[in-house]
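Chemist: Got a structure for you, written out below as structure tokens; questions coming shortly.
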């Protein structure tokens, strides 16, 4: 396999850190910038929302730009955004920097996946994609606990300086070692939106959105929750995030296995309904830390177990637009994160506590379950819908 894929994996690790790492250091950021925890939480909301919008829009706008050049431009903007965060003096500056890093992250991750499939032989494509995804998942497992440790030792801004240095190294390696990539055909944005006209597909995408919204109601404010519930030190908070991260990565494998074993539809229903139950029980597990940690493992595993069966379900539902649906599913995921962190922040501001955010998150997950049931009961995508979508694409 082409060794350049490892460079892409390191790059996705660097950009993945920026979104995920903020959750673990929210109290530190809030204290330093003199804002409330709920306000600081909007850094997660803003990033996810901009990411969701940027992924399809920027790919369409930059369709004619050579891929290596676009990759380097995106990394350069990403690096500037992190340097801007490092030198920031106000919360507004950090928010603006998050916009730049979210837009560039959306392009970098999509381009990493695209380039990875082009620089390897067809028989190695699945492995190459897996390595790139390992970069993102490693940011989840290692990034947050590492960020808490670095923040305690050197201050929270030093984290973003480190990310900027890592992305600069990636830029240099890509500029020197990666060949130019030809421009590939990109599905127009209008055609992507048109594919959601079918309610079976739309409700499936909404399942992802509500699932992640419910998850991030608490996860975005997990640090203050752990402090309120257990008066945890930074070291113990890091351990909790590490446990959650490892469980989340394993959840992808569990979701894929379950989908193959019993079918995508049944796997989706089991995962979403079980996830709702787990979220409902979290507030009652704070009576004992070991009990909470056990439930945290289930929470982490289920939070990302939905992705494999749902993406497989989208492919089974409408193979003709499967590529479009994968892109839109990523957008739905990020919109869910933005909704969950925004609503969670509002609830936190009203109640002054993160203790009951999981219960409210479970309600959103029940909405996801309703969408999943609706989608599964709908008839398959009709041939007429396929022809209509194809016609809309050709007209563009």
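Chemist: For the range 97-106, indicate whether the set of residues that are under 17 Å from residue 24 (Cα atoms) and either assigned by TED's automatic domain parsing to the domain that holds residue 9 or within 22 Å of the chain's Cα centre (by Cα) (or both) is non-empty.
Modeler: Yes, that holds for at least one residue.
Chemist: Determine whether residue 115 is touching a helix residue (DSSP H, G or I) at 6+ places or on another chain (Cβ under 8 Å), surrounded by fewer than 22 Cβ atoms within 10 Å (Cβ to Cβ), touching a residue at least 60 places away in the same chain (Cβ under 8 Å) and more than 30 Å from residue 35 (Cβ to Cβ).
Modeler: It is false that residue 115 is touching a helix residue (DSSP H, G or I) at 6+ places or on another chain (Cβ under 8 Å), surrounded by fewer than 22 Cβ atoms within 10 Å (Cβ to Cβ), touching a residue at least 60 places away in the same chain (Cβ under 8 Å) and more than 30 Å from residue 35 (Cβ to Cβ).
Chemist: In the range 283-323, what residues are within 15 Å of residue 245 (Cα to Cα) and within 17 Å of the chain's Cα centre (by Cα)?
Modeler: Selection gives 299, 300, 301, 302, 303, 304, 305.
Chemist: Ok, one more. Do you know which residues across the range 244-270 are closer than 23 Å to residue 134 by Cβ and over 16 Å from the mean Cα position of the chain (by Cα)?
Modeler: Residues satisfying the conditions are 253, 254, 255, 256, 257, 258, 259, 260, 267.
Chemist: Taking helices (runs of 4 or more DSSP H) that fall entirely within the range 300-396, which contain at least 1 residues that are at pLDDT 90 or above and assigned by TED's automatic domain parsing to the domain that holds residue 199?
Modeler: Details: elements: 307-317, 322-351, 357-377, 383-395.
It comes to 322-351, 357-377.
Chemist: Would you say residue 89 is modelled with pLDDT under 90 and either surrounded by fewer than 18 Cβ atoms within 10 Å (Cβ to Cβ) or in the same structural domain as residue 337 (by TED's automatic domain parsing) (or both)? Walk me through how you get there before you give the answer.
Modeler: Working: modelled with pLDDT under 90: no; either surrounded by fewer than 18 Cβ atoms within 10 Å (Cβ to Cβ) or in the same structural domain as residue 337 (by TED's automatic domain parsing) (or both): yes.
So residue 89 fails the test.
Chemist: Then there's this: Looking only at residues that are surrounded by fewer than 22 Cβ atoms within 10 Å (Cβ to Cβ) and farther than 17 Å from residue 241 by Cα in the range 136-163, which one is modelled with the lowest pLDDT?
Modeler: 153
The values are calculated or read from the model by the stated rules, or taken from the named source; none is laboratory data. Note that the structure is predicted; figures quoted are calculated from it, not measured. Cβ: placed from backbone, ideal geometry, glycine included. Neighbour counts: every protein chain shown.
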